[in-house]
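Q: Please see the structure below; I have some questions.
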Amino acid sequence: MIEPVLSQLFQTLLAVLVAPLMLGWINNCRAWLQNKSAPGILQPYRTLRKLFHKDAVLAHNASSLFRNAPYLNFGCMVLAASIVPVVETNLPFAHAADAIALVGIFALARVFMALAAMDIGTAFGSLGARREMLVAFLAEPALLMVLFTPALISQSTSLNTMVETLAQREVALSPGLAYAAVAFVMVLLAENARIPIDNPSTHLELTMIHEAMILEYSARHLALIEWASAMKLMIYCAIGIAVFMPWGIAAAGNWPTLPIATIALVVKLIFAGAGLALLETVSAKLRIFRAPEFLGMAFLLGVLGMLTHFLLERS
Amino acid sequence: MNLPIHAQLINLMAALLLLIAFAMLSQRRIMSLIYLFAWQGAVLFANTVIVAWGTGQTHLFYSALITLVLKVVLLPWLLHRLATRLQIQSDVETMINIPITMLIGIVLVIFAFNLALPISQWAQTITRSTLGIAIASVLLSFLMMIMRRKAVPQVIGFLSMENGLFFAATSTTYGMPMVVELGIALDVLVGTFIFGIFFFRIRETFDSLDIGNLEKLKQD
């Protein structure tokens, strides 16, 4: 009885605590690739500690929505982290939501962040919110299309079943999954405000999307938002790992395989982070009006993945 | 349960071909379009070699060799030379914007797959399931010819349509008879030469390669 709860706690805590480390690793890789001196892999933790120790400043006309949005955002990400099979399948929370509901949880967090950005009434806030929603409404269908291909293979939209089916399948070249994987990387870059769509380290007003939205936040609120976006990146990587390279994820209640699963996860995340840093280094930021084209391409690849799966693999 | 390895590789090549067809449809620069055309030829060459190796049809090795010489080296080189001589490195104009073209492309792919499904159920070849992709890439090249204003992208669309037909022939009947294949190869080569001459004539008459100008040739 107590065991599932313990393993659920272990996984959620792991995802929450490791997320800033993952961000630090990506930033470090990026700095190395760009011939800069790296800030150190623990830098996101230091930033979080600094922010938590400061006093929060709120605008006079801020409503309770503005104050509560960061907590809601963080809560959504913790929930998502407990649903996605990061190290273990069949956790108690995993049955609460399938892949489609997971996309809905991300949407919920985003809607509240956009509302909070418009709440203060500054120009930057509403500009950032609009741009964020533009990117989001294009990225969401693409993400769903990407998740439908593995769902078709495993005959279920539950992430659990997907991981179990895909991990036990014989290794075969699957054009459908390859298409879906490329589309997933494109969606991941767009949804997490990474480089072709948004530059996470910019503070240039005309180009920023995510930064413009959270410009009014300070101290603990900002810390929660930063932490939540690190977690979002980590969860997206975990979804990608779960769907496209699920080998090594432990089955439910199988305690001896848990350390192996954790090590496998860390190794995969190290590679994923280095790959992301490489992608961000070799590509330039797109104009905002090219973003629909980029995400349209992701949607197209997702649909093509599904269609080629129907044509080539369903025999 | 799993398909044999060469069938999996053929499926992968087919998927790559579809991807290249969409990349050509969305490409804005003429030089990149020519490189993509060369890549399409390379994938076709690889696919033909794999089919030949997997099924033991030795005559396919010869047609793979023709593909390599003609579609990967000679034609792209000719087109490249033409583009530099005509000094057209600028952006390609499309009739409607690219995302909508992509959506039309998806509709065409669904149509092609539906069309191919009943045919491939009757076929006996190991490559039968790729017929849908062959039809789709023919239709997508056709769409590209319709959507472009300038002459050079239209010719590239025409040549890539021929690539799609060649792929269809390989996937349904393990290639055409050698005589037919040689004839088509010669036709395509001569056709490209003639198109090249046409480009210069069109530009001399109108100072541009916009096909729309040809409508003015009507005499009352």
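The values are calculated or read from the model by the stated rules, or taken from the named source; none is laboratory data. These numbers were taken from a predicted model, which means no experiment stands behind them. Neighbour counts are summed over all protein chains in view; Cβ atoms, including those assigned to glycine, are modelled from backbone coordinates with ideal geometry.
Q: Could you tell me how many of the residues in segment A:2-58 are outside any helix (DSSP H, G or I) and of a type in the set (Gly, Ala, Ser)?
A: Residues of segment A:2-58 that are outside any helix (DSSP H, G or I), as a first pass: A:34-42, A:54-58.
Okay, now just the ones that are also of a type in the set (Gly, Ala, Ser), so A:37-38, A:40, A:56.
The qualifying residues number 4.
Q: I'd like the residue in segment A:267-315 that is among the hydrophobic types (A, V, I, L, M, F, W, C) and exposed (fewer than 15 other Cβ atoms within 10 Å of the Cβ) and, out of all such residues, is nearest to the other protein chains (Cβ to nearest Cβ).
A: Among residues in segment A:267-315 that are among the hydrophobic types (A, V, I, L, M, F, W, C) and exposed (fewer than 15 other Cβ atoms within 10 Å of the Cβ), the one nearest to the other protein chains (Cβ to nearest Cβ) is A:PHE289.
Q: Also, quick follow-up: Mind telling me which of the residues A:ALA136, A:ALA167 ends up being touching a residue at least 60 places away in the same chain (Cβ under 8 Å) and of a type in the set (A, V, I, L, M, F, W, C)?
A: The conditions single out A:ALA167.
Q: Answer with yes or no whether B:GLY41 is surrounded by fewer than 16 Cβ atoms within 10 Å (Cβ to Cβ) and small (Gly, Ala, Ser).
A: Values: surrounded by fewer than 16 Cβ atoms within 10 Å (Cβ to Cβ): no; small (Gly, Ala, Ser): yes.
No.
Q: What residue, of A:LEU72, A:LEU9, A:LEU91, A:LEU79, is under 26 Å from A:THR157 (Cβ atoms) and loosely packed, with under 14 Cβ neighbours inside 10 Å?
A: Of A:LEU72, A:LEU9, A:LEU91, A:LEU79, the one residue that is under 26 Å from A:THR157 (Cβ atoms) and loosely packed, with under 14 Cβ neighbours inside 10 Å is A:LEU9.
Q: So, one more: Conditions: (1) farther than 15 Å from A:ALA228 by Cβ; (2) surrounded by 13 or more Cβ atoms within 10 Å (Cβ to Cβ); (3) touching a helix residue (DSSP H, G or I) at 6+ places or on another chain (Cβ under 9 Å). A:ARG46 meets all but one. Number of the miss?
A: Only one criterion is unmet by A:ARG46, namely (3).
Q: Looking at A:HIS95, A:HIS53, which one is at pLDDT below 90 and of a type outside the set (Gly, Ala, Ser)?
A: Answer to the selection: A:HIS95.
Q: Please state which one of B:ALA21, B:ALA52, B:ALA7 is aliphatic (A, V, I, L, M) and either within 19 Å of the chain's Cα centre (by Cα) or closer than 30 Å to B:ILE197 by Cα (or both).
A: B:ALA21
Q: Among the helices (runs of 4 or more DSSP H) confined wholly to segment B:1-74, which include 2 or more residues that are among the charged types (D, E, K, R), closer than 20 Å to B:LEU140 by Cβ and within 12 Å of chain A (Cβ to nearest Cβ)?
A: Ranges flagged: none.
Q: Which one of these is within 27 Å of B:HIS6 (Cα to Cα), at pLDDT 75 or above and of a type outside the set (Lys, Arg): B:ALA83, B:ALA116, B:ALA123?
A: Being within 27 Å of B:HIS6 (Cα to Cα), at pLDDT 75 or above and of a type outside the set (Lys, Arg) holds for just one of B:ALA83, B:ALA116, B:ALA123, which is B:ALA116.
Q: Yes or no: B:TRP53 over 21 Å from B:GLN154 (Cβ atoms) and aromatic (Phe, Trp, Tyr)?
A: Values: over 21 Å from B:GLN154 (Cβ atoms): yes; aromatic (Phe, Trp, Tyr): yes.
Yes; evaluated as a whole, the condition is true for this residue.
Q: Does A:ALA172 satisfy the criteria of being surrounded by fewer than 18 Cβ atoms within 10 Å (Cβ to Cβ) and in contact with a Phe, Trp or Tyr (Cβ under 7 Å, 6 or more places away or on another chain)?
A: Judged against the criteria, A:ALA172 is not a match.
Q: Now for a separate question. Residues of segment B:107-160 being hydrophobic (A, V, I, L, M, F, W, C), within 12 Å of chain A (Cβ to nearest Cβ) and either under 15 Å from the mean Cα position of the chain (by Cα) or surrounded by 16 or more Cβ atoms within 10 Å (Cβ to Cβ) (or both), which ones?
A: If the condition is that a residue be hydrophobic (A, V, I, L, M, F, W, C), within 12 Å of chain A (Cβ to nearest Cβ) and either under 15 Å from the mean Cα position of the chain (by Cα) or surrounded by 16 or more Cβ atoms within 10 Å (Cβ to Cβ) (or both), then B:LEU108, B:VAL109, B:ALA112, B:PHE113, B:ALA116, B:ILE126, B:LEU131, B:ILE133, B:ALA134, B:ILE135, B:ALA136, B:LEU140 are the ones that fit.
Q: Let me ask another. Yes or no: B:VAL107 within 20 Å of B:ALA136 (Cβ to Cβ) and at pLDDT 90 or above?
A: yes
Q: Output the residues belonging to segment B:50-75 that are buried (at least 19 other Cβ atoms within 10 Å of the Cβ) and either in contact with a Gly (Cβ under 7 Å, 6 or more places away or on another chain) or free of Cβ contacts under 8 Å to residues at least 40 places away in the same chain (or both).
A: B:ALA52, B:LEU60, B:SER63, B:ALA64, B:THR67, B:LYS71, B:VAL72
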